[in-house]
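The structure appears below as structure tokens.
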Amino acid sequence: MKLLAATALAVILACPAYANQCGPRADVLKHLAETYGESRQSIGMAVNGAVVETFASESGGWTITATTPNGLTCLVASGEGFENLNEPLVDGEAL
């Protein structure tokens, strides 16, 4: 989870397009639910106190957000083909 949070924050800092897609947490979550049918699938806390969450819809669309301690939520990444997995990784396993 720490790796996911660190990666998400690195992406948001490296991708100005996503960094510009920020707003109050309640507004962002309402938009994800109403526009894309997404609900929260996972949550974690980054070392700097940001909350990193993954949202997904039944159709497979997904969004990763990062919320700062002051409540500003920013889109980090989004895409299609989300699958919920709970399986251990095997050393040397290819993606």
- Task: Residues being charged (D, E, K, R), closer than 16 Å to VAL52 by Cα and open to solvent by 60 Å² or more (accessible area, probe 1.4 Å): count how many of those fall in the stretch 28-41.
- Result: 1
- Name every residue in the stretch 46-95 that is exposed (fewer than 14 other Cβ atoms within 10 Å of the Cβ), in contact with a strand residue (DSSP E or B) (Cβ under 7 Å, 6 or more places away or on another chain) and in contact (Cβ under 8 Å) with a residue 24 or more places away in the chain, in order of residue number. GLY71, ASN84
- Item | Which listed residue, of GLU87, GLU93, GLU83, is farther than 19 Å from CYS22 by Cβ, at pLDDT below 95, in a loop (DSSP other than H, G, I, E, B) and touching a Gly at 6+ places or on another chain (Cβ under 9 Å) | GLU83
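The values are calculated or read from the model by the stated rules, or taken from the named source; none is laboratory data. It should be emphasised that the depicted structure is a prediction, and the values quoted were computed from it without experimental measurement. Note that we place each Cβ from the backbone using ideal geometry, even for glycine, and neighbour counts take in every protein chain shown. Quick note on the areas: whole protein, heavy atoms, side chains included, nothing else; ligands and nucleic acids left out. Shrake-Rupley method; radii C 1.70, N 1.55, O 1.52, S 1.80 Å.
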